[in-house]
Amino acid sequence: MLKQQLTDDMKAAMKGGDKSRLGVIRLILAAVKQVEVDTREELSDADITGVLTKMVKQRRDSVTQYTDAGRTELADQETYEIGIIEGYLPEQMSEDEVAAVIDEIIAATGASGPKDMGKVMGQLKGKLQGKADMGAASALVKQKLTG
């Protein structure tokens, strides 16, 4: 369904002459196709969301590097791409919502210290994939289990 939406949006961008949006959508479809070729299977919406999340993370890293290097035009392009890609991701959860899910998982697994972090993160990844920044969630889990 997500792949079909991307294809439809690509066609609309072609017809509308929106070259910059078209370029970003083509990048997304190329990344999805690359993963499909590598794994030799059709990707589900959840898998495509994972690809999109990875693309956003890569672009955020690039923005930081470009900004540090004083290349604002490249940073602006990456920021534009992030905006388009995030349009295909599920609504992001707030920090309070993420904390509530973490507390729920910690209670359900009986996690009591840093040694249980893997158990918590395993379940958390399934619930938050594409809906929250996993790096920030990991830091929050670590804080809750050690603090």
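The values are calculated or read from the model by the stated rules, or taken from the named source; none is laboratory data. Quick caveat, the model's predicted, so the values are computed rather than measured. Every residue, glycine among them, receives a Cβ derived from its backbone with ideal geometry; neighbour counts consider all protein chains shown. Side chains are part of the model used for accessible areas, which takes the heavy atoms of the whole protein and leaves out ligands, DNA and RNA. Shrake-Rupley method; radii C 1.70, N 1.55, O 1.52, S 1.80 Å.
At 1.4 Å probe size, what's the solvent-accessible area of SER112? Round to the nearest 10 Å².
The accessible area comes out at roughly 80 Å².
Would you indicate which of (i) 18.0, 56; (ii) 14.5, 45; (iii) 13.8, 37 is the value of Rg and Dmax of the Cα atoms in Å derived from the coordinates of this structure?
(i)
Using only protein heavy atoms and a 1.4 Å probe, report how much of ARG71 is accessible, in Å² to the nearest 10.
Rounded to the nearest 10, the figure is 110 Å².
On the accessible surface of the chain, probed at 1.4 Å, how many percent belong to carbon and sulfur atoms?
Taking all protein chains in place, the chain shows 52 percent carbon and sulfur surface.
Please calculate the 1.4 Å probe accessible area of THR7, with all protein chains present, and give it to the nearest 10 Å².
My reading of the accessible area for THR7 is about 40 Å².
How tilted is helix 117-128 with respect to the longest principal axis of the chain? Cα atoms for both, answer in degrees (0 to 90, nearest 10).
It is inclined by approximately 40 degrees.
For LEU29, what is the net charge nearby, where nearby means another residue's Cβ is under 11 Å from its Cβ and Lys, Arg count +1, Asp, Glu -1?
In short, +1.
Run the reach check for LYS127 against lysines, Cα to Cα strictly under 22 Å, same-chain hits fewer than 8 apart removed. What comes back?
Cα-Cα hits under 22 Å: LYS3, LYS54, LYS57, LYS115, LYS119, LYS142, LYS144.
So which GluC sites (Glu not before Pro) in region 51-147 are both in a DSSP loop and have at most 13 other Cβ atoms within 10 Å of their Cβ?
Sites meeting the loop and neighbour criteria: GLU91.
Would region 67-147 count as rounded, prolate or oblate if I go by the C-alpha gyration tensor, calling it rounded below 1.5 in a/c and otherwise prolate when a/b exceeds b/c, oblate otherwise?
Prolate is the answer for region 67-147, as a/c is 1.5 or above and a/b outweighs b/c.
From the phi of every residue in region 53-60, what ³J(HN,Hα) in whole Hz does the Karplus formula 6.51 cos²θ - 1.76 cosθ + 1.60 yield, where θ is phi - 60° and glycine or proline is x?
Values per residue, Gly and Pro as x: 4, 5, 5, 5, 4, 4, 5, 5 Hz.
Per residue of region 2-15, in order, report the coupling 6.51 cos²θ - 1.76 cosθ + 1.60 (Karplus, θ = phi - 60°) as ³J(HN,Hα) in whole Hz, putting x for Gly and Pro.
Once rounded to whole Hz, the list reads 5, 5, 5, 4, 4, 5, 5, 5, 5, 4, 5, 5, 5, 5.
Each label point is 7 Å from the Cα along the Cα-to-Cβ direction; what then is the distance between the points at ALA12 and VAL35, in nm?
It works out to 2.2 nm between the two label points.
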